[in-house]
Structure formats: C-alpha cells, structure tokens
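Novice: Shown below is the structure under consideration.
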Amino acid sequence: MTLVKDSPPTARKVRSVAPAAEKRRGRRENLAGYLFMSPWIAGFLLLTAGPMAASLYFAFTDYNLFNTPKWVGLDNFTKMFDDPRWQRSVEVTAKYVVIGTPLKLLLALGVALLLAQSRRGQAFYRAAFYAPSLIGASVSVAFVWRSIFSDNAIVDRAMSAVGIHVGGWVGNPDWILYCLVALTVWQFGAPMVIFLAGLKQVPRELYEAAELDGAGALRKFWSITLPMISPVLFFNVLLETIHSFQIFGSAYVVSNTYCGPADATLVYTCYLYQQGFKNAQMGFASAMAWMLLLAVALVTAVLFWSQKKWVHYEEGAR
C-alpha cells in the first residue's frame, strides 16, 4: 500500500496565486505594448484615418476650402465622367503605367540576373545600381531630368548626332511622357534588389540537373528561374503598378508645374492637385481621390486573381 502525502499548504497557496499573478503581468505587458504603439495609433487616426473619412464626406459635397461643405450627392462623380480633362488624365496615367512598369521590371530583372553571378566588385555594383532609387523621387533630380531633356541639351544633342531630330523632349507633347517613363525606369534599384534576393533562393541543384539534360541558358531561365522567382515577380509587379498610379512629383516638376504641353503629362494625381488646390474644388478632388483608390483596388484584385495561374509557390507556402 502506497501512501500519498498531501501537498504542503504553501505549495497549494502558490499554485492558487500564480494564475492571478500571470494575468496581472499579462495586463501590464499589454498596457506597455499599447503605450509604445500610441504614437503610431495617434498618427494613424489623426493623419490617415481622419483625413480619409473627411475626404469621403467631401466627395459628396460642393466644397471650395472656404465655405461650408454643401451636400450634392453623386454630382461630383457624374461631373467627373463628363470632364474631358479627367478622361485625358486617365488616358495619360494608363499609358504611363502600361509602358513604364514593364520596362522598369524588365531592366531590374536583367540587372539582377547579372549581379546574381559571382564577380569582383559585386557589392559596389549593387550599391551603384540601387542609388537612383534613393534619390530618383527627389525634386532636385526632377529638375536635373528636365534640364538634360530640354531643347539643345545633352539628350537632344546625342540624338541629333545619330540623325534623330526631335528637339527637346520636355517641350514636345509627343515625347515628354517618355521622359517621365525614362525617369521611372532609371529608378529600377528597389525591384532589382528584391529580384536579386529571390534569385539567391533558387536551388543550384535544379540548374545542375537541367545542364545534365542538355538545357541551354534560355531554357533554364524559362523553366527554372522564372517559375521559382514568380512570387517575387508578383510582388514587384503589384508594388510597382500601385506606385505608378501614384506618380505626381516628377510629372509636376518636369512639366514646369502645368502638366503639359497640351496636357501631355496630365497624370491623374496632377489633375487632382489642380482641382483641389489651384481651382479650390476640394469636393471634386476628393471624389477623384476615391475613384483612384477604387481603380487601384480593382487592379490589385485582378492581379491577385491572375496570380493563381502563373505564380508558383512551394507546397504549403501559399
């Protein structure tokens, strides 16, 4: 017969107190977490959520920044669809996104493939190619870009030297948008770094097996590299597409603040700025902003739907 001793009273008391102490410690940790997060929460409510809610209300009002908003329902949206300059801004923005985004990603992927190979000075080349992404969005670079693409500037002289006479791109309605495309393509460093990280994760054994089967460089890229980095490619496509829809600074500065000539660089955000702050039509501008949000959300949804057909994830990683 085995005798089981009762637990000492002290042990039972410790066990009964432990859950309460754990709860108090958990509450203190949660409180500390919320205190550390409070600056971000305050900033989000005051600088993001609050203005968004206000702009949603203004989108259904006639508001000129000086008078009390007057509710007009859907008038801003109907007026928007009948506005030829709004239609022009949609056309210019779509053209910029369709041309600029693929070119930027193709260049980023090409340079990443080169940098993925072991070579001397690799760190220097990575930093050099990434540098434009750090400074490309600045106003000063946009001023420099406008200077080098002006009439009789370096780009005009170089093209004239090979028999192509178009004058300055900045003053030419047929060429100025391509000046903006060139600027965004030049800033390929950020997607390049992401592509490079994806390329480093491709197992070398796959290439070795493909070489034993007689696969060439193009076949290895199409059958191994591209499927293996497809999640990274999807991420870059999504990020750069959204970023292209939001272009403003370079278009505003390169076109000398009037988004021309002939509305050639009248991107969506530039026309939104003109309506909201130059024409004091903040209600109309708010409606434009929400239409842009809906358009970006629709494009994002289409990309997420399409990725099921061409993005390949590891088993269980989706």
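The values are calculated or read from the model by the stated rules, or taken from the named source; none is laboratory data. Keep in mind it's a predicted model, so treat the numbers as computed, not measured. All Cβ positions, glycine included, derive from the backbone under ideal geometry; neighbour counts span all protein chains shown. All accessible areas refer to the heavy atoms of the entire protein, side chains included, with ligands and DNA or RNA removed. Shrake-Rupley method; radii C 1.70, N 1.55, O 1.52, S 1.80 Å.
Novice: Which one of these is open to solvent by less than 70 Å² (accessible area, probe 1.4 Å), within 26 Å of VAL185 (Cβ to Cβ) and without any contact (Cβ under 8 Å) to a residue 12 or more places away in the chain: ALA53, ALA94?
Specialist: On inspection, the qualifying residue turns out to be ALA94.
Novice: Quick check on my filter: what residues within segment 154-173 are free of Cβ contacts under 8 Å to residues at least 24 places away in the same chain and closer than 20 Å to VAL185 by Cα?
Specialist: Result: ILE154, VAL155, ASP156, ALA158, MET159, GLY168, TRP169.
Novice: Could I ask something else about it? Could you please give the count of residues in segment 148-169 that are surrounded by fewer than 13 Cβ atoms within 10 Å (Cβ to Cβ) and either assigned to a helix (DSSP H, G or I) or aliphatic (A, V, I, L, M) (or both)?
Specialist: 6
Novice: Can you tell me which residue within segment 226-251, out of those that are without any contact (Cβ under 8 Å) to a residue 60 or more places away in the chain and buried (at least 16 other Cβ atoms within 10 Å of the Cβ), is farthest from LEU177 (Cα to Cα)?
Specialist: ILE229
Novice: In contact (Cβ under 8 Å) with a residue 60 or more places away in the chain, surrounded by 13 or more Cβ atoms within 10 Å (Cβ to Cβ) and not in a loop (DSSP other than H, G, I, E, B): is that true of VAL181 in this structure?
Specialist: yes
Novice: Can you list the helices (runs of 4 or more DSSP H) found entirely within segment 201-318 that contain at least 2 residues being touching a Cys at 6+ places or on another chain (Cβ under 9 Å) and under 30 Å from VAL141 (Cα atoms)?
Specialist: Result: 249-254, 268-273.
Novice: Next up: When both residues are 6+ apart or on different chains and their Cβ atoms are under 7 Å apart, which pairs have a first residue that lies in segment 58-81 and is more than 9 Å from GLY283 (Cβ to Cβ) and surrounded by 15 or more Cβ atoms within 10 Å (Cβ to Cβ), and a second that is at pLDDT 95 or above and small (Gly, Ala, Ser)?
Specialist: Short answer, once both residue conditions are applied: PHE77/ALA287; MET80/ALA287.
Novice: A further question follows. Just to check your reading of the model, which residue among LEU115, LEU109, LEU103 is open to solvent by 40 Å² or more (accessible area, probe 1.4 Å), under 30 Å from PRO231 (Cβ atoms) and either under 26 Å from the mean Cα position of the chain (by Cα) or not β-branched (Val, Ile, Thr) (or both)?
Specialist: Being open to solvent by 40 Å² or more (accessible area, probe 1.4 Å), under 30 Å from PRO231 (Cβ atoms) and either under 26 Å from the mean Cα position of the chain (by Cα) or not β-branched (Val, Ile, Thr) (or both) holds for just one of LEU115, LEU109, LEU103, which is LEU103.
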